[in-house]
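The values are calculated or read from the model by the stated rules, or taken from the named source; none is laboratory data. All values derive from a computational prediction rather than experimental measurement. Using ideal geometry, Cβ is built from the backbone for each residue, glycine included, and neighbour counts are taken over all protein chains shown.
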Amino acid sequence: MGYHGSDIGASSEETAMIENRILGANANLFVQLHGAVMVIAWVMTSSLGIFVARYYKQTHTDFNPFNKAFWFVVSFILYNHRTCAMNQLLYLFFSCL
């Protein structure tokens with residue numbers, strides 16, 4: 001077994017492991033959308049929401065949008081964005097079945 005290089009991916013066809021041949025990767029739109037939505041949903045919005053909720057409680061105390069604390073509104077928006085992204089992911093998953 002040698003080094004595979006950068007063309008590693010799931011193949012679109014079935015093959016026996018004993019055969020030695022090159023297979024094409026199956027990089028469909030769903031796989032790319034799944035990766036993009038997961039990065040946005042978990043890495044960015046969740047981390048930012050936790051950061052804002054933890055460190056911004058003592059800042060912007062004079063600015064209260066919707067009669068709520070600034071940190072609460074910002075973290076609420078970020079958490080809702082994560083929830084919407086996860087709903088989109090579930091819709092994409094079940095629509096492709």
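Here are the numbers for this structure:
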read-out: Any hit, region 23-34, residues being modelled with pLDDT under 80, in a helix (DSSP H, G or I), loosely packed, with under 15 Cβ neighbours inside 10 Å and of a type in the set (Gly, Ala, Ser); value: no
read-out: Filtered residues of region 52-74 (kept if at pLDDT 85 or above, surrounded by 15 or more Cβ atoms within 10 Å (Cβ to Cβ) and of a type outside the set (A, V, I, L, M)); value: PHE70, TRP71, PHE72
read-out: Residue list for region 35-51, filter: small (Gly, Ala, Ser) and either under 12 Å from MET86 (Cα atoms) or surrounded by 13 or more Cβ atoms within 10 Å (Cβ to Cβ) (or both); value: GLY35, ALA36, ALA41, SER46, GLY49
read-out: Extreme residue, nearest to VAL39 (Cα to Cα), among residues of region 80-97 that are buried (at least 17 other Cβ atoms within 10 Å of the Cβ) and not aliphatic (A, V, I, L, M); value: ARG82
